[in-house]
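Asker: Structure in structure tokens, see below.
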Amino acid sequence: MTAQKKTPAPSSPSSSDVRPAPVISVIGTGYLGATHAAAMAEMGFETIGVDVDPAKLAALTAGEVPFFEPGLPELITKHVASGKLRFTASLPEAVAAADVHFVCVGTPQKAGSHAANLSYVEAATRGVAEHLTHPGLIVGKSTVPVGTAARLRELVREFTPPASTRSSSGTPSSSARARPSRTPCTRTASSGAVPRPRPTRSSARSTPHRSPRAARSSPRTSPRRSSSR
């Protein structure tokens with residue numbers, strides 16, 4: 001009898017093979033940013049919320065939310081206490097500490113126009129790019145018009161320090177905001193995927209149809225008369 005070969009037991013990965021979880025920064029702590037920051041902390045990520053309003057940051061740190069979202073105050077309080085979530089007014093501090101940066105600032109409508117005001121998005125994107133000290137990922141969460149990524153890509157290329165690596169992604173914040181007319185786009189060097197236009201009936205792959213002239217020239221088949229009257 002031949003000896004059976006023993007199947008080696010799977011070895012656990014060494015400590016050098018396990019990458020640490022990325023630190024998250026969330027730029028803007030309004031409804032979108034505060035809820036996203038709390039959700040990231042709940043998932044186990046160390047998260048830093050950034051805002052220019054010190055009063056808002058103090059309120060959030062105390063678990064006080066200026067809008068209604070069931071369970072959010074408790075979630076923020078829980079993770080501020082656990083150390084997974086903190087808030088700061090210093091963008092350089094957050095960018096230096098984080099690996100993934102979510103841009104969650106507002107895009108209000110311009111006065112007297114249907115266009116979106118992108119000044120906050122552009123300022124936040126430029127600020128993150130300027131203070132990058134190590135390779136990172138910048139993710140857009142704000143709702144912006146189609147084509148915004150091209151402008152933001154140029155901002156990142158212009159203001160990112162040469163030693164830092166740029167990368168990007170886009171995440172629709174909700175299905176209602178993922179409409180083609182206002183598609184959530186990326187915020188950095190690489191633009192998000194733009195939905196491909198659907199082929200029209202006149203495209204090369206459409207089903208061939210007969211022209212009116214061809215229809216007139218083709219013989220018609222008359223119905224066969226019944227033999228009985």
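Asker: What's the exposure ranking of Lys78, Lys56, going from fewest to most Cβ atoms within 10 Å?
Answerer: Lys78, Lys56
Asker: Among the lysines in segment 45-173, how many pairs, 8 or more places apart or on different chains, have alpha carbons under 23 Å apart?
Answerer: Taking the Cα cut-off of 23 Å, the pair count is 5.
Asker: Shape verdict for segment 24-178, please, from the Cα gyration tensor: rounded (a/c under 1.5), prolate (a/b greater than b/c) or oblate.
Answerer: oblate
Asker: Further question on the same structure: Give me the net charge of His79's neighbourhood, meaning all other residues with Cβ under 11 Å from the Cβ of His79; Lys, Arg count +1, Asp, Glu -1.
Answerer: 0
Asker: While we're on this one: For a quick protection proxy, order the peptides 111-118, 19-26 by their average other-Cβ count within 10 Å, most packed first.
Answerer: Highest mean packing first, the order is 19-26, 111-118.
Since every read-out is calculated from the coordinates, none of them should be taken as a lab result. Here the structure is a predicted model, which is why all the values come from computation and not from measurement. Neighbour counts run over all protein chains shown; Cβ positions are idealised from the backbone, glycine included.
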